[in-house]
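Written below as structure tokens is the structure these notes are about.
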Amino acid sequence: MPSTADLAFRRRTVLFSVFFTNLLSLACQVLWVRKLTFLFGSTAGVFATVLASFLLGLALGAALAGRTVDRAARPWRLLGLLLAGLGLYCAASLPLFDLARRLYLGLFPASLAPLSAALAKLAVVLVTLLLPTMAIGAVFPLAVRLYRGTRAGLGGDLSLVYALDTLGAATGALLAGFLFVPSLGLSASTLLLGALAVAGGLYLLLRGGESEVTTPLEPALPAAIASAAAPAGKSAGNTGKRKKGPGRGAKAPAAPPAPLPPWTLDPRRIPLVLAVFFATGGAALLLETGWNRFFYVLAGTNVASLSVVLAGFLSGIGLGSLLLRRWIDRIRDPLATVAWLDAAIALGGVLVFRSAGLFERVYLGSFVTSDSYYGFQIQVYLLVFALVLFATLAMGANFPLVAKIATPGTLDGERRGRGAGQAFFVNTLGAVLGAVLGEFILLPRWGFSGLLLVTLGVYLAAAVVFLLLAEPRRRRRPAVIAAVLFAGALALAPPWNPLELPVHAVYYHGLRAGSWLAFEAQVESMEVVHRADGFYGEVAVVKLGDDLILKHNGKSDASTSPGDNYAQLLLGQLPLLLHPHPRTVLNIGLGGGATLRAITHHREVERITQVEIDPLVTAAARTWFGTFNDRALADPRVQVVTNDGRNYVDRAGETWDVIVSEPPNIWVAGVSGLFTREFYQSAKRHLAPGGILCQWYPLHELERDDLRLALATLTSVFRQAAVWTNGVDAVVLAADTLPPPDPARLAAAAADPRIAHDLADLKVPPGGLPGLIDHPFLAVSQVPGFIAGARPENVDDRPLLEFHTARNLFTGNRRRVGR
């Protein structure tokens with residue numbers, strides 16, 4: 001018989017294994033999302049696809065383990081093997097993802113519709129993630145089987161294990177966003193996490209022989225609970241086998257069975273409970289998918305924002321499960337309790353979508369009072385945690401409660417793992433469906449209003465089912481509570497209260513405005529003339545005075561204002577003016593189409609490939625910005641390709657004379673892959689002899705050392721570079737040998753009416769073109785001295801510029817270039 005100290009040690013070991021496994025799970029999810037952005041590009045779909053793949057693996061792993069762990073002769077050894085195997089996969093994961101990406105690029109067409117591309121990429125992700133996520137999912141039912149609390153019954157054990165599961169995940173999300181990705185890089189982080197998991201697994205394997213005796217139940221368990229959980233015809237203390245008693249081998253008398261709790265379900269009703277649990281699992285992920293998009297607009301898409309939002313969700317769920325632990329086995333009617341918890345989730349979900357104004361005020365207040373970037377991010381995490389707390393507390397309490405109701409097993413270990421695994425499986429499988437429906441179908445087609453109405457309908461139906469299953473004399477009060485909560489949710493929901501996201505992003509424009517009043521004044525000065533939801537988020541066109549601004553998920557990406565014309569037009573003009581014979585051009589990123597306009601104004605160009613990942617941007621540029629861009633998309637030389645720029649260049653089978661790259665800001669998720677050494681190497685391979693790469697740098701978001709790092713990375717691949725800037729934006733040309741300007745060519749270009757129109761918009765006077773080209777901010781001869789001592793470290797594995805520019809949004813770029 002194990003000693004009390006040994007039993008306590010085993011309990012701690014189980015809980016630590018659950019906590020660490022899910023810390024590893026979410027840390028790897030963030031790391032793998034980073035890696036998979038090179039497959040998906042800068043899209044909202046990458047997170048949803050990875051999440052759906054994760055959840056499917058978790059569901060299958062829990063189902064498989066649930067069927068076997070209760071019969072496993074050596075469960076501790078099985079736990080050790082799962083951890084060790086997971087660690088080995090984690091350590092080897094990044095090369096496997098690189099292989100999967102190469103296979104995708106080789107098998108699928110270069111231009112696919114968003115849904116077709118997403119489904120193809122989903123298949124690739126499933127193949128690479130299924131085995132490790134199954135291992136993670138198997139840990140939950142195994143831990144429920146192995147862990148035995150000192151006082152709590154099955155419900156208390158489920159609550160504690162699930163709480164540690166989600167709190168470990170929250171910790172992993174924070175560590176990934178603030179330590180692993182920015183400080184260690186993807187490769188070092190996966191190797192470290194893999195090594196820790198392998199070490200933990202080996203420890204369990206070495207101690208497995210000492211730990212294989214399953215922890216017995218504590219005698220303090222209430223007799224009514226123990227007997228209620230016993231199989232029919234047996235008491236909790238009698239398995240039906242003859243046991244020898246003292247003296248003469250007499251059979252020990254069996255304790256009389258205690259009555260079952262009045263809420264105990266007929267086993268034939270359990271499939272109905274599981275079916276409803278499947279549906280609410282989908283509804284929960286519909287909510288979380290909507291929340292993710294919602295907070296993308298409010299908090300941004302950089303890795304720190306992603307981590308704090310994830311951690312905020314998961315912390316609330318873990319806390320809800322932990323708080324329930326004390327009462328779960330004393331609740332008189334769990335079925336009726338689940339009904340009003342579903343109503344609470346519905347109301348809490350609606351309240352989150354109605355909190356945009358509150359978020360913006362508190363967010364900017366924190367920005368004004370914070371002295372530290374990391375202190376500011378902690379406040380953002382606490383803000384997200386507070387806004388989702390009402391809903392996530394109910395989610396966290398709901399899971400162990402329904403899992404207990406649906407577990408037709410006993411407390412003695414014979415079927416508790418099976419019941420926990422079955423409940424986890426159906427709920428998580430529903431979550432897979434919710435993630436896919438929300439991101440790929442409901443949001444693109446029906447927007448947030450449609451998603452919210454579907455979610456409320458599912459939770460309302462679920463609450464009705466649980467109330468009907470509840471004991472009649474105990475369901476009146478829960479029914480009233482549920483009715484009040486649903487009434488509040490419906491009163492705040494569409495169509496009575498239309499739901500629209502903010503069109504002006506506080507995380508970007510608000511920080512630049514510096515205060516709530518200044519930001520509010522900006523919002524009020526804008527008139528929204530067009531909005532469209534799609535696979536990659538919301539595209540809006542707003543009018544500000546006489547200018548149009550194109551916004552993508554709340555951030556301005558292009559405009560017709562003269563201030564933006566400098567970068568947009570110069571990107572198209574500079575490389576074509578310097579290249580002696582530009583016949584083929586690749587332009588990455590469309591925006592309002594100004595750069596494409598400048599390219600099409602050069603008559604000698606024969607073929608132009610325009611890559612744009614979001615069809616809604618293409619549609620807006622064609623219609624709302626058509627006059628501004630001189631109908632460039634209608635030019636017969638232009639071929640529009642719907643794809644991510646990095647993917648397209650990496651897989652291309654052709655070369656170009658000029659490649660122009662004008663992506664969104666470097667800190668936007670996925671965009672940093674167009675500023676790394678690997679991209680420059682790929683671009684160089686796809687440039688014809690004498691070809692030129694032209695790229696936009698957001699100088700207003702780069703400190704001097706950041707610009708040195710960027711140019712050092714660029715010139716580690718191209719021998720020469722030069723920089724033109726107006727102090728806000730920079731246009732950089734790179735080649736092995738940048739050609740000198742040809743005066744005759746410049747004169748002929750300036751005489752062309754269409755090019756002359758662009759030069760006028762650039763405020764270049766007649767005859768001033770040679771002066772513009774001859775006087776860059778950094779000439780070819782000046783760049784080596786400027787970057788002296790800088791290390792070209794901006795690489796795919798650790799894109800430092802992404803993290804630096806995200807930080808510079810907070811610091812206000814106080815050490816700008818030239819200061």
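With everything on Cα atoms, drop me the angle between helix 476-492 and the longest principal axis of the chain, reported from 0 to 90° to the nearest 10.
10
Within the chain, what whole-number % of the accessible surface is contributed by carbon and sulfur, with the 1.4 Å probe and all protein chains included in the calculation?
62
Kindly report the accessible area of the chain per residue (heavy atoms of protein chains, probe 1.4 Å, no ligands, DNA or RNA), in Å².
Values: 31070 Å² over 819 residues.
Per-residue value: 38 Å².
Suppose we keep just the alpha-carbon trace of segment 360-439; what are its Rg and Dmax in angstrom?
Radius of gyration, then largest Cα-Cα span, for segment 360-439: 19.4, 58 Å.
Semi-axes, largest first, in whole Å: what does sqrt of 5 times each Cα gyration tensor eigenvalue give for segment 125-189?
29, 17, 8
Per residue, how big is the convex hull of segment 675-743 when only Cα atoms are used? Give it in Å³. Intermediate results must be reported in sequence, preceding the final value.
Numbers: hull volume 5.8 nm³, N = 69.
Dividing the Cα hull volume of segment 675-743 by its residue count gives 85 Å³.
Place the peptides 353-364, 274-285 in order of packing, highest mean first, counting for every residue the other Cβ atoms within 10 Å and averaging per peptide.
Details: 353-364: 18.3, 274-285: 24.1.
Output ranking for 353-364, 274-285: 274-285, 353-364.
Which angle from 0 to 90°, rounded to the nearest 10, does the C-alpha axis of helix 416-437 make with the longest principal axis of the chain?
For 416-437 against the chain, the angle is about 30 degrees.
Want the number for residue 512 to residue 684: 0.36 nm per residue separation, take away the alpha-carbon distance, what's left? Provide the component values of the computation, followed by the final result.
Details: separation 172, 0.36 × 172 = 61.92 nm, distance 3.55 nm.
Answer, rounded to one decimal: 58.4 nm.
Specify whether the C-alpha gyration tensor of segment 617-661 places it in the rounded, prolate or oblate class, a ≥ b ≥ c being the square roots of the eigenvalues: rounded for a/c under 1.5, otherwise prolate if a/b is larger than b/c and oblate if not. Present the calculation step by step, with values, prior to reporting the outcome.
Working: a/c = 2.63, a/b = 1.87, b/c = 1.41.
Since a/c reaches 1.5 and a/b is larger than b/c, the shape of segment 617-661 is classed as prolate.
For segment 732-808, max minus min Cα coordinate along each principal axis, in Å, sorted largest first?
That gives 46, 26, 18 Å along the principal axes, largest extent first.
Size of segment 379-496 along its principal axes in angstrom, Cα-based, largest extent first?
49, 35, 34
How big is the convex hull of the Cα atoms of segment 622-692, per residue, in Å³?
Values: hull volume 9.0 nm³, N = 71.
Looking at segment 622-692, the number lands at 126 Å³ per residue.
Once both axes come from the Cα atoms, what is the angle between helix 704-715 and the longest principal axis of the chain, in degrees from 0 to 90, rounded to 10?
Helix 704-715 sits roughly 80 degrees off the main axis of the chain.
For segment 722-764, rounded, prolate or oblate, judged on the Cα gyration tensor with a ≥ b ≥ c (square roots of eigenvalues), a/c < 1.5 rounded, else prolate if a/b > b/c?
Values: a/c = 3.06, a/b = 1.19, b/c = 2.58.
Cα axes put segment 722-764 in the oblate bin.
What is the projected area of the convex hull of the Cα atoms of segment 543-598, averaged over all directions, in nm²? Mind dumping the intermediate values first?
Details: hull surface 17.2 nm².
Average projection, Cα convex hull of segment 543-598: 4.3 nm².
Rounded if a/c is under 1.5, else prolate if a/b is larger than b/c, else oblate: which is segment 293-363, with a ≥ b ≥ c the root eigenvalues of its Cα gyration tensor?
On the way: a/c = 3.38, a/b = 1.99, b/c = 1.70.
Prolate, since a/c reaches 1.5 and a/b exceeds b/c.
Please report the spacing between the Cα centers of segment 322-371 and segment 709-749 in Å, no decimals.
Taking the Cα centre of segment 709-749 as reference, the centre of segment 322-371 is 53 Å away.
Would you calculate the volume per residue, in Å³, of the smallest convex hull containing every Cα atom of the chain? Please list the in-between numbers first.
Details: hull volume 128.9 nm³, N = 819.
Normalising the Cα hull of the chain by residue number yields 157 Å³.
Could you check the spin-label model distance between residue 73 and residue 468? Points 7 Å from the Cα along Cα→Cβ, value in nm.
Result: 4.8 nm between the two label points.
The values are calculated or read from the model by the stated rules, or taken from the named source; none is laboratory data. Note that this is a predicted model, so its numbers are computed, not measured. Please note: Cβ atoms are built from the backbone with ideal geometry, for glycine as well, and neighbour counts cover all protein chains shown. With ligands, DNA and RNA removed, areas are computed over all heavy atoms of the protein, side chains included. Shrake-Rupley method; radii C 1.70, N 1.55, O 1.52, S 1.80 Å.
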